[in-house]
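All of the numbers you see were taken from the coordinates with simple rules; none came from a lab. Since this is a predicted model, take the numbers as computed values, not measurements. Using ideal geometry, Cβ is built from the backbone for each residue, glycine included, and neighbour counts are taken over all protein chains shown.
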Amino acid sequence: MQPPFKAPFVADFNGLPAFDVLCPADQRVPYVFNSPHSGRQYSQQFLASSRLDESAIRRSEDAFVDDLFAHVIPLGAPLLRAHFPRAYLDVNREPYELDPKMFDGRLPSYANIRSIRVAGGLGTVARIVSENHEIYRHRLPVEEALNRIEEIYKPYHSTLRRLLAQTHVTFGYAVLIDCHSMPSSVKCQATDVRPDFILGDRYGTSCNSELTEYACSILRGMGYSVSRNKPYAGGFITEHYGRPASGLHALQIEINRGLYMNEATHERSPGFDDLFHNLKQFAQELIAMPDAALPADTIAAE
């Protein structure tokens with residue numbers, strides 16, 4: 001398999017590229033792992049534009065999720081990870097979900113300014129972090145948002161598309177595991193219980209249901225509480241890339257941060273190592289799921 005495309009763009013993310021791909025020497029499995037919200041490189045320029053301190057601005061970050069899934073590379077799967085923070089740019093949105101009240105200048109006519117996510121302050125360029133904390137001191141030039149989209153968002157998705165296309169060609173189908181974390185305060189709407197994991201497959205439209213249920217059963221077998229699609233059914237990435245009838249499956253996994261970190265200090269807790277090893281076992285068992293467990297019409301012909 002050819003090495004995946006890597007973005008040439010380097011911003012001021014402490015000398016790191018905006019994102020990168022951790023690749024096995026040889027991709028041996030039809031799985032691609034993605035960690036779009038674990039970026040934790042906050043540039044001084046970005047921090048200077050924010051009214052939040054360095055701790056408060058991290059509340060929307062999926063801290064350490066890329067580290068929790070680093071074990072998939074030796075298993076033969078690539079891991080795409082962001083270095084830019086979610087508060088700077090959210091690639092799990094449509095490319096132009098933008099709030100006109102945030103910017104000086106006119107947005108392009110094709111911008112989606114009326115989505116529910118924009119109304120909530122969580123568009124492609126977010127207005128807030130969790131609990132309605134405003135990010136910016138002042139309105140941004142509209143060119144700033146458009147540049148972030150051109151220079152980071154589009155190359156990120158180009159890389160993800162290429163990874164999935166290469167995987168699909170090589171194996172006949174591809175499974176995207178979109179990796180996220182959630183605040184420990186999140187409760188399942190049906191039971192009012194704080195689950196350890198929430199698996200989202202857009203109610204069966206982005207991933208074969210048998211695969212989703214198999215993933216749930218692995219985690220439950222380890223003693224974890226697992227909710228399916230509630231309250232998180234999957235975001236733009238899951239919806240956009242999941243086409244089970246074409247052999248492209250996308251499954252979102254949300255991990256309760258209380259399992260592995262101190263949410264106040266943004267530090268790993270003693271539970272991190274146990275969770276890392278359990279997620280390694282989870283990935284091993286999921287990857288070993290036999291093709292026969294998927295209905296024939298969800299595995300594209302080679």
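The alpha carbon centroids of the stretch 98-121 and the stretch 169-202 are separated by 27 Å. Farthest towards the positive end of the charge dipole of the chain, among the residues H71, T265, Y224, is the Cα of T265, using unit charges on the Cβ of Lys, Arg, Asp and Glu. For M261, the amide hydrogen comes within under 5 Å of the amide hydrogens of S269, counting only partners 5 or more places away or on other chains and with H modelled in the peptide plane. Of the chymotrypsin sites (Phe, Trp or Tyr not before Pro) in the stretch 91-154, the ones in a loop by DSSP (not H, G, I, E or B) with at most 10 other beta carbons within 10 Å are Y110. The H on the amide N of C188, modeled in the peptide plane, is under 5 Å from the matching H of V193, R194, each at least 5 residues off or on a different chain. Above 23 Å, the calculated P(r) of the stretch 23-107 contains 38 percent of its Cα-Cα pairs. Per residue, the Cα convex hull of the chain amounts to 131 Å³. Quick one: longest stretch of the chain between exposed loop trypsin sites (Lys or Arg not before Pro), exposed meaning at most 16 other C-beta atoms within 10 Å and loop per DSSP? The reported range is 188-302. For the stretch 210-251, the residues whose backbone nitrogen is under 19 Å from a point 7 Å from the Cα of E285, taken along Cα to Cβ, are 210-229, 251. The amide H of L176, built 1.01 Å from its N in the peptide plane, has V32, H249, A250, L251 as neighbours under 5 Å, considering only residues 5 or more places off or on other chains. Computed from the C-beta positions of S184 and I116 and an R0 of 22 Å, the FRET efficiency is 0.35 to the nearest 0.05. Which percent, nearest 5, of DSSP beta bridges in the stretch 1-131 are antiparallel? Given both bridge residues lie in the stretch 1-131, the antiparallel proportion sits at roughly 55 percent. The phi torsions of the stretch 238-250, fed into the Karplus equation with coefficients 6.51, -1.76 and 1.60 and a -60° offset, translate into couplings of 4, 5, 6, 9, x, 9, x, 5, 9, x, 10, 10, 10 Hz, rounded to whole numbers, with Gly and Pro shown as x. Take every DSSP beta bridge whose two residues both sit in the chain; close to 40 percent of them are antiparallel.
Note on S55 and E263: the model spin-label points, each 7 Å out from Cα along the C-beta direction, lie 1.5 nm apart.
Calculate the length of the line joining the C-alpha centroid of the stretch 57-78 to that of the stretch 258-281, in whole Å. Measuring centre to centre over Cα atoms gives 12 Å. Counted over the stretch 116-265, the DSSP beta bridges are approximately 35% antiparallel.
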